[in-house]
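Data block below; observations after.
The values are calculated or read from the model by the stated rules, or taken from the named source; none is laboratory data. A quick note: this is a predicted structure, and the numbers were derived from the prediction, not measured. Don't worry about glycine lacking a Cβ; one is built from the backbone with ideal geometry, like all the others, and counts go over all protein chains shown.
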């Protein structure tokens with residue numbers, strides 16, 4: 001019987017977990033999934049995580065906010081002309097305030113949406129290999145690899161200091 | 001008392017065998033020449049019928065350089081209040097480096113007494129409704145008292161901060177203890193008094209030059225600008241010291257320039273925020289007695305050009321250029337923006353003072369140039385001891401590559 005299998009390892013400390021990830025990446029399994037009970041720069045660095053795509057959402061939202069504010073303020077001024085104190089119909093200084101506020105509002109909302117989309121939240125199926133310990137005091141590393149390579153990856157995980165190494169039930 | 005310099009000194013001697021001086025003899029001689037040029041220029045200005053320009057230049061430069069020196073000590077106080085130890089003792093020595101100019105600035109403030117008839121329009125043409133506030137004895141009494149308090153408190157803070165107890169706290173960033181009790185008290189007192197006294201200075205020495213005009217936020221705007229000018233001055237000093245002190249000094253750490261760049265960026269936005277807050281209120285009200293101050297500076301040449309230059313140097317350029325991480329970490333880019341910021345602050349103070357007094361003057365001439373050079377020389381000369389301490393601290397806490 002062959003095909004991909006998943007190996008689950010648990011670590012008691014952050015640096016051991018990060019160290020195992022660095023070694024695994026050079027050994028090239030099919031995929032590595034990591035569960036961490038705490039946000040960890042160390043592990044993020046080991047995974048080789050790229051800059052967050054949420055940034056693009058915020059930028060787009062902010063620009064959209066400024067454009068919407070311009071449309072709202074200029075549009076309503078043209079629609080209903082109010083001459084105040086001899087100033088032009090479209091007087092931009094107070095519009096800056098609206099532009100700023102809508103930029104913050106749209107930027108903030110798109111940041112939340114971008115986060116939810118990229119984090120795939122809410123999730124109704126729990127990822128394979130998860131154990132409640134990984135929300136408690138243990139770090140989890142799940143390695144997906146070919147059946148034939150499994151002993152090699154198991155020994156890499158043990159050498160990196162894994163407490164337990166086991167197979168995920170297929 | 002003055003034991004900290006010796007402690008730092010011995011620490012350096014242990015590492016490199018000598019305490020380096022930031023400036024050589026030739027540079028000091030140049031600074032002395034600048035000071036002499038300033039004195040001669042001021043004297044010639046008075047003698048050649050340009051007394052008004054000489055006194056205006058004197059006031060502008062006093063506001064600029066005293067603002068930087070005082071803002072630096074307030075920056076150090078802000079570090080204590082926020083318990084900032086991202087650069088150990090070096091960040092405190094850096095912010096306090098310009099303290100030497102504060103006593104000189106206090107003395108120079110009294111010089112304004114002799115030019116009062118040329119500086120303050122209300123001395124020769126009193127405004128009856130405002131005479132209770134705008135009169136010579138009261139103005140010099142309250143501003144003199146305020147600046148005396150600031151001088152004493154600033155010197156006290158710097159002396160405590162350079163003392164062994166505070167230095168031990170600055171160094172020990174792993175420890176989450178609060179700063180020493182007397183540091184906390186002095187820092188709070190100084191920060192509050194800075195806001196009060198520099199608002200007073202703004203109202204009395206700048207706003208009263210156009211005695212019909214008023215803006216409640218002006219004081220805040222003025223001391224916010226002074227605080228920012230100190231931040232850009234520390235950024236310039238950090239970039240210069242980084243290059244001068246060799247390969248192993250605290251300023252070689254790119255995160256240090258990043259942090260200074262963030263401060264320059266943030267308080268530049270704060271400054272423009274205060275500009276806009278005043279502008280929009282005056283724009284909405286559209287009352288001639290309020291708008292003339294802005295109309296004269298923004299719509300009439302030559303002041304129009306200076307107004308745009310100030311906004312570009314103090315906000316547009318720092319904002320756009322320092323938006324990213326990499327420009328903040330680059331000494332060349334951060335240094336250029338910070339130097340531009342110093343020029344911007346000088347032009348801004350000039351723009352606040354001179355158009356009120358000489359509405360149609362040609363902006364610059366040799367009198368202004370020489371007086372400015374004189375103040376620059378005096379400021380750097382007064383700051384050299386502080387910069388030497390900064391250099392010693394930066395060498396005592398060198399940046400380790402693997403940190």
Exercise. Tell me, which residue of the stretch A:91-116 that is without any contact (Cβ under 8 Å) to a residue 60 or more places away in the chain and within 30 Å of residue A:37 (Cβ to Cβ) is farthest from the other protein chains (Cβ to nearest Cβ)?
Worked result: A:116
For this session: Determine whether residue B:280 is within 14 Å of chain A (Cβ to nearest Cβ) and either in a helix (DSSP H, G or I) or touching a strand residue (DSSP E or B) at 6+ places or on another chain (Cβ under 8 Å) (or both).
Result: yes
Exercise. Which one is farthest from the chain's Cα centre (by Cα), of the residues in the stretch B:84-100 that are farther than 19 Å from residue B:171 by Cβ and buried (at least 24 other Cβ atoms within 10 Å of the Cβ)?
Worked result: B:99
Exercise. Just to be sure, is residue A:120 without any contact (Cβ under 8 Å) to a residue 24 or more places away in the chain and either within 19 Å of residue A:47 (Cβ to Cβ) or touching a strand residue (DSSP E or B) at 6+ places or on another chain (Cβ under 9 Å) (or both)?
Worked result: yes
For this session: Examine the stretch A:50-60 for a residue that is under 31 Å from the mean Cα position of the chain (by Cα), loosely packed, with under 11 Cβ neighbours inside 10 Å and either at pLDDT below 90 or not assigned by TED's automatic domain parsing to the domain that holds residue A:36 (or both), and state whether such a residue exists.
Result: yes
Exercise. Can residue B:243 be described as out of contact with any strand residue (DSSP E or B) (no Cβ under 6 Å at 6 or more places or on another chain) and in a helix (DSSP H, G or I)?
Worked result: yes
Problem set entry | Verdict on residue A:148 being farther than 30 Å from residue B:276 by Cα and in contact with a strand residue (DSSP E or B) (Cβ under 7 Å, 6 or more places away or on another chain) | no
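Condition check ((1) within 15 Å of the chain's Cα centre (by Cα); (2) in a helix (DSSP H, G or I); (3) under 30 Å from residue B:126 (Cβ atoms)) across all residues:
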position	(1), (2), (3)
B:145	no, yes, yes
B:153	no, yes, no
B:160	no, yes, no
B:165	no, yes, no
B:174	no, no, no
B:221	yes, yes, yes
B:230	yes, yes, no
B:236	yes, yes, no
For this session: Take residue B:150 and decide whether it is crowded, with 19+ Cβ neighbours inside 10 Å and either free of Cβ contacts under 8 Å to residues at least 40 places away in the same chain or farther than 24 Å from residue B:351 by Cα (or both).
Result: yes
Seminar exercise, completed: If we keep only residues of the stretch B:242-277 that are within 14 Å of another protein chain (Cβ to nearest Cβ) and within 26 Å of residue B:208 (Cα to Cα), then the residue surrounded by the most Cβ atoms within 10 Å (Cβ to Cβ) is B:275
Exercise. So is residue B:81 at pLDDT 90 or above, within 30 Å of residue B:239 (Cβ to Cβ) and over 19 Å from the mean Cα position of the chain (by Cα) or not?
Worked result: yes
